[in-house]
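Enquirer: One structure follows; several queries about it will come next.
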Amino acid sequence: MNDDHAAAWRRIGADGGDITLATASRACAADLQADCLGVTLVIAGELRLMGHATDERARRLEDAQLTTGEGPCTDAYVRRALVEEADLHQAYARWPAFTQAAAGQQMRSVTALPLTTGHLRLGAMDLYRTTPGLLDDRHKRLARAYARILALLALDEHPHLLTAEHRRTLPGPQGYPPSVHMAAGVLAEIYQLAPDDALARMRAHAFHHDQPLHQTADHVLTHRSLD
């Protein structure tokens, strides 16, 4: 075990409590001086699952990446590499919709790393900061150590990630929860839309109203309307 890996484990276990994905995420955010952290897991290369968010800001930003189909989480997972942006105010061309969501949560910089173990890609973690800047080399090494640990803990808490049939990764969102597909089907039937057009309308509505996509889907399923 290298020094960074050992240091990360010591920090995670410092309080003597249970070691979980949640406690490790909080330790990682504190150790790397991030304002919040989000973990998104990917099942079979398609369906995303919120692994953990250290606060509401992180949860909204993880959901925003699913809703908009872009962002550091997707890029880190697809490229299997660290992805970072020193100033999100200058990143509109890179992630036009996600940067607006980040601005709404007062986030200025992000570092994303894939969660991998062996040949498995399990998802990605995002470190969000309210100030511009990048991690230095030492903190990048430490972040990679935390990412390996979070991957193991994610697999321990979600063992179906190991047995799910993998499919080829596509750009953009890695799929949606079943309720979102059901809601898109409802809208497609009501408004005589193609399923993809109904899904696009839901995503646009969620983004415009700063609402998690699953909440938009729940509203559609309950009221059979976006209004």
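The values are calculated or read from the model by the stated rules, or taken from the named source; none is laboratory data. Just so you know, these numbers come straight off a predicted model, no measurement behind them. For neighbour counting, all protein chains shown are included, and Cβ atoms are generated from backbone atoms with ideal geometry for every residue, glycine included. Heavy atoms of the whole protein, side chains included, go into the accessibility calculation; ligands, DNA and RNA do not. Shrake-Rupley method; radii C 1.70, N 1.55, O 1.52, S 1.80 Å.
Enquirer: Return the single residue from 118, 13, 185 with maximal mean-square fluctuation; model: Gaussian network over the chain, springs between Cα atoms under 10 Å.
Expert: Maximum fluctuation in the GNM of the chain, among the listed residues, is at 118.
Enquirer: Pick from 141, 48, 57 the residue whose mean-square fluctuation is largest in a GNM of the chain, springs joining Cα atoms under 10 Å.
Expert: 141
Enquirer: Kindly list the residues of the stretch 92-123 that lie in the label zone of residue 131, defined by a backbone N under 18 Å from the point 7 Å along the Cα-to-C-beta vector.
Expert: 106-111
Enquirer: Suppose R0 equals 22 Å. What FRET efficiency, 1/(1 + (r/R0)^6) with r the Cβ-Cβ distance, do residue 209 and residue 182 give to the nearest 0.05?
Expert: 0.65
Enquirer: Which residue, 108, 94, 144, has the most motion in a Gaussian network model of the chain that connects Cα atoms within less than 10 Å?
Expert: 94
Enquirer: Moving on. Can you compute the FRET efficiency between residue 87 and residue 196 using 1/(1 + (r/R0)^6), with r the Cβ-Cβ distance and R0 = 35 Å? Round to the nearest 0.05.
Expert: 0.55
Enquirer: Between the helical axis of 213-223 and the dominant principal axis of the chain, each derived from Cα atoms, what acute angle in degrees is found, rounded to the nearest 10?
Expert: 30
Enquirer: A further question on this structure: Over the chain, what is the mean sequence separation of C-alpha contacts under 8 Å (at least six apart), divided by residue count, expressed as relative contact order in percent?
Expert: 22
Enquirer: Does the stretch 19-126 come out rounded, prolate or oblate by the C-alpha gyration tensor, with a ≥ b ≥ c the root eigenvalues, rounded set by a/c under 1.5 and, if not, prolate when a/b is larger than b/c and oblate if not?
Expert: oblate
Enquirer: Quick check: at a probe of 1.4 Å, how many percent of the accessible area of the chain sits on carbon and sulfur atoms?
Expert: It is 51 percent, rounded to a whole number.
Enquirer: Determine the order of 137, 63 by accessible area, beginning with the largest, at a probe radius of 1.4 Å.
Expert: I get 137, 63, largest accessible area first.
Enquirer: Here's a follow-up. Compute the angle between helix 21-31 and the longest alpha-carbon principal axis of the chain, please, reported from 0 to 90 degrees and rounded to the nearest 10.
Expert: Tilt of helix 21-31: around 60 degrees.
Enquirer: Something else: Rg over Rh of the chain, using C-alpha atoms and the Kirkwood radius, what does it come to?
Expert: 0.99
Enquirer: Using the beta-carbon distance between residue 218 and residue 157 and R0 = 22 Å, what value does 1/(1 + (r/R0)^6) give for FRET efficiency, to the nearest 0.05?
Expert: That pair, residue 218 with residue 157, gives E of 0.35.
Enquirer: Karplus couplings for the stretch 148-158 from phi (6.51 cos²θ - 1.76 cosθ + 1.60, θ = phi - 60°), rounded to Hz, Gly and Pro as x?
Expert: For the stretch 148-158, the Karplus curve yields 5, 5, 4, 4, 5, 5, 4, 5, 5, 7, 10 Hz.
Enquirer: How much accessible area per residue does the chain have, in Å², with a 1.4 Å probe?
Expert: Using a 1.4 Å probe on heavy atoms only, each residue of the chain averages 48 Å².
Enquirer: Cα axis of helix 56-68 to longest principal axis of the chain: angle in degrees, 0 to 90, nearest 10?
Expert: For helix 56-68, the angle is close to 50 degrees.
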